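Working notes, structure below.
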Amino acid sequence: MSRWVRFFSRRKRMMEDLEQDIRDFIERETQDNIERGMPPDEARYASLRKFGNVTRVKEDTWEVWSFVWLDQLWQDIRYGLRMLAKNSGFTAVAVLTLALGVGGNTAIFTVVNAVLLRPLPYPEPDRIVRIGLVYKGQLVWNEFSAKQFRFFQENGRPFQYLTATADTGFNLRGSGTPERVRALRVSAEYFRVFGVEPALGRDFLANEDRIGGPNVTILSHGLWVRDFRANSKVIGKTVELDGTPFTIIGVMPAGFQSIPPVDVWTTIGQVANSMGVGGNYDFVGRLKEGITGQRANSYMSTLTRPFLQEFDPEEAEKVAGHATFKAFPYNFVLTGDVRTPLLVLFGAAGLVLLIACVNVAHVQMARATGRTREIAVRAALGAAPRRILRQLLTENLLLALLGAAGGLLVGYLGLRSLVQLAPTDLPHAQNISMDHWSLAFAVLIACVSSVLFGIVPALRASRVDLNHSLKEGGARGTSRRRHLGSASVAAEIGLSLVLLVGSGLLIRTFSNLLQTSPGFDPHHVLSLPVWTAGTSFKSAGGLGRLYQTALSRIMAISGVESAGVIAGGLPLEHGGSASFRLVGQKRSEKIWAEYREISPEYFKTLGIPLRRGRFFADQDLAETRKVVIVNDAFVRKYLAGRDPVGEYLTIDGANREIVGIVGDVKTELNQPALPTYFLPLTQSSLPTHEIFEAGIPTCVLVRTHQNPLIVSRTVEDALHGADPMLAIGHVRTMEEVLSTSVAFERFPTTVMTVFAGLALGLACVGLYGVISYSVSQRTHEIGIRIALGAQKDEVLKMVVGQGLGLAITGAATGIAGALALTRLLSSLLYGVRPTDPLTLIAASLLLTTVSLLACYIPARRATKVDPIVALKYE
């Protein structure tokens, strides 16, 4: 019974509210008609005729209520726009503040959306997964061999299609010098996994994906347009890849984007028994329709033990119960390394927006004080509190939408800077652009912001005390309002300190990286990637003579100091690895280490020091004694406590004498150097060289006396003079290589620093506003103090002390927040702890200093208060 009583009571109240709205509407229309010159009776009749008779009103209450509500909303919008235009200074400050917060969030959201959230551009992308082995929660194995691929093909129950891929490259021979194109070797079901068919021609056949199968290739749309002039008759034509003829069987559509982006695809079956390519397959599959990721993982977990027992029986028992195969969402695997940094930056942008909202709320509360009399008059004339609240919230929404419009402009400009700053290997970087989702996000956070910064001032303004407000005239606010402003400013300062500490930690990390020695001298060194595939040199000795001829030509160039060659990977870049055995040990198992092939002048060109023994010499030829050089990390790990020089390693079945020990060169600045052994180019294995060169270019390094880019063209001519069929890639200096190696760390550091600067500026503006407002409210009090003999320095200390107290309170809160939140940055830090006391102290001192400067201006103004004027203030 009570439920029905409550229902009819609510309905009665709704009807009473409706009738009141109708009366208000008719009275307002009548008044507008009278102002247009109508007699009162005609004016009221016209308003009733416009609205309809009372009987119809009672029969169609919801339609009438909607009509009244929309009319009132339109009036609220018009009145709000007039008020914002009337207070142009307030509007400009609020819109600019919101634009900075909304713009920063929109720019970061656009990047996060493109990289992490946007579905991959394939049909039903949620069904595409990548296979990996997880051990104790960490992905430890996601590269496999051809035999392991056959295992999953035979046990691929959850998959509709399954493919293996291996990243590689080819020298594409055209009319001029060879062009290096990026390629993927794939199994026959590759394009079916991604749900895309060639625009021209056909897909791979099963009999083409096998040892001894025909050489066929499919071209990307970009390569087809660039090199074949979009000729539709290209199907069936032959093209040379690494000097081997391949038949073109298809061209992919323009919208297809492979990961990574490539120019050509060919089958993987022909190299299934090849050393290297046969051991670095990625497995990607399309789940059957109706198969969820959870069901697929349940089945994959049952394959773990039989897989390990077949391919790694020694590890099978060790990892039992802790390892399992999983099918990861494809995009999750692609973006795993950048997920944490982007989400941290997104959170930082959210804190900036929150600070901006608090700032606007300060201005709104100060403005509400000046509007107290206006709101009191409106209430005295019959406006209900909810009506006043709706009007104020409408003004806030208009203000937020203006801020969103400005934020879109700021976001567009900021996005361009973000894209330029982002690392070149950022996943989906080519898809980063503002779209309808960016617009929707900007509008959404603008609406949320209008609630955040407007709800408290609006509620306080709508609950006006008519008697008190009409007497006071809105001249002075209450102490409770000052306390609320002070608390919000302290919160602003605390949030700013969190961002400052995070920025400081990343800056120190970046500084530590830049101060870390890479193990070589990168200055005045030029790097030219080259590929010899398809040339006439078919032996290690022939390659050695090729590079010897090229280096002699380069050394003849004016300004060149030295030149060398390295195959297998540049310093600061991931390279190749190969196995070896320690000779003379009781149990000598096959061990893996980094593998490089070099010319004799390589170490001198990069300035890598010799610790013991000797460098390679021109006399170390294919027919002479086999030699090898190792680095310090190799000695520490495998030859500790022994004299390495004169020891022997078994490499490719041959014993090689260690003739020298060199200093460590880093692959990653924030990681220890890897154990590495070096072979002379003239004594290397040609098949091994070709395998590494398929994915990692051989690089010619040239040290000069001046800017190395000046001689780059001449060096290229010298290389083509040694062999016109050499393919040369993008020329860089080693300083560029060093800069690229820290690009991933530079990106979050720079963005976080910008956000921290914005937060600091907004917090100080907020502090300045609160102190200025406090001084204006205390003008009477300050005047009395000065009249009673208070000195200017005492007034200055009083006002600055108030601001300093807020800064210290906010800093204390911020330190607690920083200690809790900066742990999220742990994976991004190098050489510094998340709780680093120096960073906490430096950020607190910076914030306190800037806060004092923000307080000084209103404090100086307080010292200049004229007691006579202040005493007349009331």
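The values are calculated or read from the model by the stated rules, or taken from the named source; none is laboratory data. Worth saying up front: this structure is predicted, and the values here are computed from it rather than measured. When we count neighbours, we look across all protein chains shown, and the Cβ atoms used for this are built from the backbone with ideal geometry, even at glycine.
Things worth noting here:
- Every pair of residues 6+ apart whose Cβ atoms lie under 7 Å, when the first sits in region 390-402 and is part of a helix (DSSP H, G or I) while the second is charged (D, E, K, R): Arg390/Asp76; Gln391/Asp76; Thr394/Asp76
- Verdict on Val742 being surrounded by fewer than 20 Cβ atoms within 10 Å (Cβ to Cβ) and under 30 Å from Gly169 (Cα atoms): no
- The one condition in (1) farther than 24 Å from Gln548 by Cα; (2) in contact with a strand residue (DSSP E or B) (Cβ under 9 Å, 6 or more places away or on another chain) that Pro680 fails to fulfil: (1)
Matching residues to (1) farther than 30 Å from Leu505 by Cα; (2) among the aliphatic types (A, V, I, L, M); (3) assigned to a helix (DSSP H, G or I):
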position: Gly789; (1), (2), (3): yes, no, no
position: Lys797; (1), (2), (3): yes, no, yes
position: Gly831; (1), (2), (3): no, no, no
position: Arg860; (1), (2), (3): yes, no, yes
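- Some residue of region 830-838 being more than 18 Å from Ala348 (Cβ to Cβ), among the small types (Gly, Ala, Ser) and either touching a residue at least 24 places away in the same chain (Cβ under 8 Å) or out of contact with any helix residue (DSSP H, G or I) (no Cβ under 8 Å at 6 or more places or on another chain) (or both): yes
- Scanning region 212-231 for residues that are surrounded by 15 or more Cβ atoms within 10 Å (Cβ to Cβ) and under 21 Å from Gln257 (Cα atoms) yields a count of 10.
- Condition check for Val799: over 40 Å from the mean Cα position of the chain (by Cα) and β-branched (Val, Ile, Thr): yes
- Residues (surrounded by fewer than 19 Cβ atoms within 10 Å (Cβ to Cβ) and polar (S, T, N, Q)) located in region 619-668: Gln619, Thr624, Thr650, Asn655
- Each residue in region 492-548 was checked for being touching a strand residue (DSSP E or B) at 6+ places or on another chain (Cβ under 9 Å), outside the structural domain of Ile710 (by TED's automatic domain parsing) and part of a helix (DSSP H, G or I), and 0 pass.
- Matching option when the condition is outside any helix (DSSP H, G or I), outside the structural domain of Thr168 (by TED's automatic domain parsing) and crowded, with 19+ Cβ neighbours inside 10 Å, among Phe678, Phe692: Phe678
- First in region 152-168 and within 12 Å of Gly269 (Cβ to Cβ), second anywhere and small (Gly, Ala, Ser) and part of a strand (DSSP E or B), Cβ under 6 Å, 6 or more apart: none
- Only residues that are in a strand (DSSP E or B) and either among the β-branched types (Val, Ile, Thr) or not assigned by TED's automatic domain parsing to the domain that holds Glu240 (or both) were counted across region 208-229, and they come to 3.
- Qualifying residue in region 589-606 (condition: out of contact with any helix residue (DSSP H, G or I) (no Cβ under 8 Å at 6 or more places or on another chain), among the β-branched types (Val, Ile, Thr) and closer than 30 Å to Leu513 by Cα): yes
- Across region 579-618, the qualifying residues are those that are within 21 Å of Ser539 (Cα to Cα) and surrounded by fewer than 17 Cβ atoms within 10 Å (Cβ to Cβ), and the one among them that is modelled with the lowest pLDDT is Asp618.
- Some residue of region 550-557 being polar (S, T, N, Q), touching a Ser or Thr at 6+ places or on another chain (Cβ under 9 Å) and under 23 Å from Thr714 (Cβ atoms): no
- Selection count where residues are touching a Leu at 6+ places or on another chain (Cβ under 8 Å) and surrounded by fewer than 24 Cβ atoms within 10 Å (Cβ to Cβ), scope region 112-133: 6
- Restricting region 549-578 to residues that are surrounded by fewer than 17 Cβ atoms within 10 Å (Cβ to Cβ) and assigned to a helix (DSSP H, G or I), the residue that is nearest to the chain's Cα centre (by Cα): Met555
- Any hit, region 134-144, residues being of a type in the set (S, T, N, Q) and either in contact with a Lys or Arg (Cβ under 8 Å, 6 or more places away or on another chain) or crowded, with 22+ Cβ neighbours inside 10 Å (or both): yes
- Region 286-316, subset in contact (Cβ under 8 Å) with a residue 12 or more places away in the chain, among the small types (Gly, Ala, Ser) and crowded, with 16+ Cβ neighbours inside 10 Å, residue farthest from Gln148 (Cα to Cα): Gly293
- Some residue of region 748-760 being in contact (Cβ under 8 Å) with a residue 40 or more places away in the chain, surrounded by fewer than 18 Cβ atoms within 10 Å (Cβ to Cβ) and not assigned by TED's automatic domain parsing to the domain that holds Cys855: no
- Residues in region 232-265 that are crowded, with 16+ Cβ neighbours inside 10 Å, in contact with a strand residue (DSSP E or B) (Cβ under 6 Å, 6 or more places away or on another chain) and part of a loop (DSSP other than H, G, I, E, B): Ile235, Asp242, Val262, Asp263.
- Qualifying residues in region 588-647 (those that are closer than 25 Å to Ser527 by Cβ and among the hydroxyl-bearing types (Ser, Thr, Tyr)) - the one farthest from the chain's Cα centre (by Cα): Ser599
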